1. Only residues in the stretch A:51-69 that are open to solvent by 30 Å² or more (accessible area, probe 1.4 Å) count as the first member; pair them with residues that are modelled with pLDDT of 85 or more and hydroxyl-bearing (Ser, Thr, Tyr), Cβ under 6 angstrom, at least 6 apart or cross-chain, and list the lot.
2. For the stretch B:73-100, name all the residues that are open to solvent by less than 50 Å² (accessible area, probe 1.4 Å), within 25 Å of A:Ile183 (Cα to Cα) and more than 7 Å from chain A (Cβ to nearest Cβ).
3. Can you tell me which of (1) modelled with pLDDT of 80 or more; (2) of a type in the set (Asp, Glu); (3) open to solvent by 40 Å² or more (accessible area, probe 1.4 Å) is the one B:Asp70 doesn't meet?
4. Residues in the stretch A:109-118: is at least one assigned to a helix (DSSP H, G or I), aliphatic (A, V, I, L, M) and under 19 Å from the mean Cα position of the chain (by Cα)?
5. Out of all the residues in the stretch B:34-48, which are open to solvent by 70 Å² or more (accessible area, probe 1.4 Å) and either assigned to a loop (DSSP other than H, G, I, E, B) or within 30 Å of B:Phe119 (Cβ to Cβ) (or both)?
6. Quickly run through the stretch A:71-81 and pick out the residues that are in contact (Cβ under 8 Å) with a residue 12 or more places away in the chain and assigned to a loop (DSSP other than H, G, I, E, B).
7. Pick out, from the stretch A:231-334, the helices (runs of 4 or more DSSP H) lying fully within it that include 2 or more residues that are of a type in the set (Val, Ile, Thr) and open to solvent by less than 40 Å² (accessible area, probe 1.4 Å).
8. Is it fair to say B:Asp50 is under 30 Å from A:Tyr145 (Cα atoms), touching an Asp or Glu at 6+ places or on another chain (Cβ under 8 Å) and of a type outside the set (Val, Ile, Thr)?
Amino acid sequence: MVDGWDVLILVIKALAIFIIVPVAPLVFVLAERKILGRIQSRIGPNRVGPWGLLQTLADGIKLGAKEDFIPPAGDRVVFWLAPLFMVVPAAMAWAVIPIGPEVEIGRKIGLWVTDLNVAILYILALGSVAVYGPVMAGWSSNSKYALFGSLRSTAQVISYEITMGVAVLGVLVYTGSFSLVDIVEKQKDMWFAIPQVIGLFVFLVSGIAETNRAPFDLPEAETEIVAGYHVEYSGMRFAMFFLAEYANMFLVSALAVILFFGGWHGWTIPGIEGLTSVLWFMLKTLALMFVYFWLRATLPRLRYDQLMAFCWKFLLPLGIVNLLITAVLRLGWS
Amino acid sequence: MPAYVGVVILALLGFAFCAGSLVGAWLLRPRRPVGAKLDPYESGVPPIGDAKGRHVVRFYLVAMLFVVFDVELVFLYPWAVHYAEQGVFSDRLFLFGEMLVFVAILLVAYAYAFKKGVFEWNRGD
């Protein structure tokens, strides 16, 4: 039965999860700069607000007040649409992410917006849609750097999407379900990170490449092509590319936690299981976000031929071997 | 409630957020589109020619490979779920054999692409 409360709860849940899209960059850009500073023996931003906490907010306001022009030689409509094609899929993917178990607050409420039975396919499909953003941005800018950045980004993202999909297959052989809630429930006793350690490796590497992050940040390699597909973007439109990038990083971390690190499972305190579960989920996700920043501070950028060779010659065969091993191991299981 | 209502709500929120922030920035920002600002940015050097020229064909090959392997992959998804659901060993063995045949065909395509040097980025051609 659907009543007014159900609708209200759904809208509240959707709003609560949507907050991640604008807030994630606010938090993570600062965290990244602070952590990078610490790793490189610097201080990082510390002037705006206490300990520099308001730095990203100030940057955001600055971007909003900046002149924002469209290159006259480019394609106005496509240029205008490209940031939308970045932000909207990033927001939509969060609809299926379960951040906690079902809790009892007057009625049973699952801590997810919707539990699609094809959630994995849905996420991978949105990952493909997200390729349109860079393509449109690079093409419509009519700038060589932007076009090179978008070509690189497209080739990289679609290549690593395949390896990401192969990595997920190993988990699916264990769960037999595409629903992320089911996948988390099946990890009550053992994280899939243990039997699927190869899959985890393939997934994490592909996830970093999918989000165009260091050491796979060729699409925006400053020393070669200035900033990649968003060279010509300025002001609020530029901010949107950033929002989408950080929302997607957080999404990949959350997805890795759900698929391999047991989602919200952990030791819970009786009475407030729901709250502790959400805290576990967040803790694990933040730990993976830290890995992103750590890798960026540690590893040099790959060359483009190395990047493509790594995907097609190493990661893809490794993923298929992982699938075969998993299938063999599960042969005797009933 | 249909499962996709939540998806639609989030899509609408995404649109609303973009529209809101763009309109907000439109109200705030200055508008002086003059001079060299309007040129494509090429590190301060005046741009030469148009960006819509010819490009390396290898990106196109990657797109072709993507179509081949991604479609293969999509076929493996229902297989994985079905495999996990089987209770009887012989059924499972049969499904495993079918998957091996499928992956073997995939490997032929892979070996062909490898031989043709599609995965080599620096072929010098």
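1. Pairs found: none.
2. B:Trp79, B:Gln86, B:Leu95
3. For B:Asp70, the failing item is (3).
4. Within the stretch A:109-118, none of the residues are assigned to a helix (DSSP H, G or I), aliphatic (A, V, I, L, M) and under 19 Å from the mean Cα position of the chain (by Cα).
5. Correct list: B:Val34, B:Asp39, B:Tyr41, B:Val45, B:Pro46, B:Ile48.
6. The answer is A:Pro71, A:Ala73, A:Gly74, A:Asp75.
7. Qualifying helices (runs of 4 or more DSSP H): A:235-260, A:273-298, A:316-329.
8. no
The values are calculated or read from the model by the stated rules, or taken from the named source; none is laboratory data. Predicted model, so just to flag it, every value in this text is computed and none were measured. Don't worry about glycine lacking a Cβ; one is built from the backbone with ideal geometry, like all the others, and counts go over all protein chains shown. Protein only, heavy atoms only, side chains kept; ligands, DNA and RNA dropped before computing areas. Shrake-Rupley method; radii C 1.70, N 1.55, O 1.52, S 1.80 Å.
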